[in-house]
1. Which ones in segment 14-36 are surrounded by 13 or more Cβ atoms within 10 Å (Cβ to Cβ) and in contact (Cβ under 8 Å) with a residue 12 or more places away in the chain?
2. For segment 86-100, check the following and say yes or no: at least one residue is small (Gly, Ala, Ser), within 11 Å of Phe5 (Cβ to Cβ), surrounded by 15 or more Cβ atoms within 10 Å (Cβ to Cβ) and touching a helix residue (DSSP H, G or I) at 6+ places or on another chain (Cβ under 7 Å).
3. Of everything in segment 24-39, what is in a loop (DSSP other than H, G, I, E, B) and either within 12 Å of the chain's Cα centre (by Cα) or closer than 17 Å to Tyr82 by Cβ (or both)? Give them in sequence order.
4. In segment 1-13, which residue that is at pLDDT below 90 and either closer than 20 Å to Ser76 by Cα or not charged (D, E, K, R) (or both) is surrounded by the most Cβ atoms within 10 Å (Cβ to Cβ)?
5. Look through Ser48, Ser65, Ser76 and report the one residue that is hydroxyl-bearing (Ser, Thr, Tyr), over 14 Å from the mean Cα position of the chain (by Cα) and either closer than 30 Å to Ser14 by Cβ or exposed (fewer than 14 other Cβ atoms within 10 Å of the Cβ) (or both).
6. Sort out which residues of segment 79-96 are under 16 Å from Pro10 (Cα atoms) and part of a helix (DSSP H, G or I), and write them in order of number.
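The values are calculated or read from the model by the stated rules, or taken from the named source; none is laboratory data. Keep in mind that what you see is a predicted model, and the values were worked out from it rather than measured. Using ideal geometry, Cβ is built from the backbone for each residue, glycine included, and neighbour counts are taken over all protein chains shown.
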Amino acid sequence: MILGFYLSMPGRNSWNGGWSGEGGKYIIIKMFTSEKKANKILTDNPYSYCWNDGWAARINVKALSGVEARIERKKSRGFCGYDWMVRNIILYGNATGIEKSKEE
């Protein structure tokens, strides 16, 4: 299964309320051999990360076909250095990278 991870910055604490990356497409495409893992990521979607300074990032995840993945890769302007959030989602099920307790 192929998943597309889409970055946006809904919380912006800049002087003009803007983000220098506004209007760009920021996408990471990942291939999953485990459909169970991919479906879990899709189910818990979207993911957010908030900083203490008022900025907040959101990652929306979407299942893609092979053709859609190729098209989206071409549109992407990278991921603005926030690739670690996608790694955390895959490894821990959240953007923060904090492991959830087994009791939850």
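1. Gly21, Gly24, Lys25, Tyr26, Ile27, Ile28, Ile29, Lys30, Phe32
2. Looking through segment 86-100, at least one residue is small (Gly, Ala, Ser), within 11 Å of Phe5 (Cβ to Cβ), surrounded by 15 or more Cβ atoms within 10 Å (Cβ to Cβ) and touching a helix residue (DSSP H, G or I) at 6+ places or on another chain (Cβ under 7 Å).
3. The initial filter retains those residues of segment 24-39 that are in a loop (DSSP other than H, G, I, E, B), namely 24-26, 32-34.
Within segment 24-39, Gly24, Lys25, Tyr26 qualify.
4. Within segment 1-13, the subset at pLDDT below 90 is 9-13.
After this cut, where a residue has to be either closer than 20 Å to Ser76 by Cα or not charged (D, E, K, R) (or both) as well, the list is 9-11, 13.
On the way: Met9: 18, Pro10: 11, Gly11: 16, Asn13: 11.
So the residue we want is Met9.
5. Ser65
6. Looking only at segment 79-96, we keep the residues that are under 16 Å from Pro10 (Cα atoms), and these are 79-80, 82, 85, 95.
Across segment 79-96, the qualifying residue is only Met85.
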